[in-house]
Structure formats: structure tokens, C-alpha cells
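Single-structure report; data block below.
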Amino acid sequence: MPVPKRKTTPARQGERRSHLHLEEQQLVECKQCHQPKLSHRACPACGDYNGRQVLDIEGKAQKKAEKAKKEQK
Ligand SMILES: [Zn+2]
């Protein structure tokens with residue numbers, strides 16, 4: 001198995017890791033409800049995408065409420 005000839009110095013390690021950072025999320029305003037949302041994604045607040053309803057927001061909320069009720073018992 002190949003083994004590194006020299007120990008990686010802290011400076012080299014830092015240079016390598018200088019590119020390891022998270023990108024800031026690019027938020028755009030939803031045309032339907034004007035909430036911030038990720039671009040090229042359906043709006044989590046109203047379920048709208050490109051002027052079309054694609055997520056069942058009410059059904060999801062209902063299911064969540066039912067589940068919470070069940071777990072309470
Ligand atoms: Zn929306």
C-alpha cells in the first residue's frame with residue numbers, strides 16, 4: 001500500500017481545506033405567496049411551482065395533525 005513520504009503540515013492542510021465551505025442558499029421570492037424559497041424548487045409554504053399547484057400542502061398539514069393526535073394517546 002502506498003504511504004505518504006512526508007507528514008502534511010498544518011499549512012498544507014489548511015490550503016486544501018480552504019475550498020471546503022458551504023455555499024450560501026440562493027433564495028428567491030415566491031410569485032404566489034411572496035415567501036422566500038429556493039430557486040428551481042416548489043414553494044414549501046404554498047406548494048406552487050411555475051404557476052401550478054404541485055404539493056398537497058393542506059393534506060400534508062392534516063396528516064401531520066392526525067399523527068400528532070395519535071402519538072398523544
Ligand atoms: Zn409560495
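Read-outs throughout are calculated quantities, based only on the coordinates presented, and are distinct from any laboratory measurement. Predicted, not measured: the structure shown is a model, and the values here were computed from it. For neighbour counting, all protein chains shown are included, and Cβ atoms are generated from backbone atoms with ideal geometry for every residue, glycine included.
What the table shows:
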quantity	calculated
On Cα atoms only, tilt of 57-72 relative to the major axis of the chain in degrees	80 degrees
Most fluctuating residue given options GLU23, GLU58, GLU15, as computed from a GNM of the chain linking Cα atoms under 10 Å	GLU15
Long-range lysine pairs (8 or more apart or interchain), the chain, Cα under 17 Å	4
Gaussian network model of the chain, springs between alpha carbon atoms under 10 Å - residue of GLN13, GLN32, GLN62 with greatest fluctuation	GLN13
Distance (nanometres) between label positions extended 7 Å along Cα→Cβ at GLN26 and LEU55	2.0 nm
Shape call, region 24-72: gyration tensor on alpha carbons, a/c limit 1.5	prolate
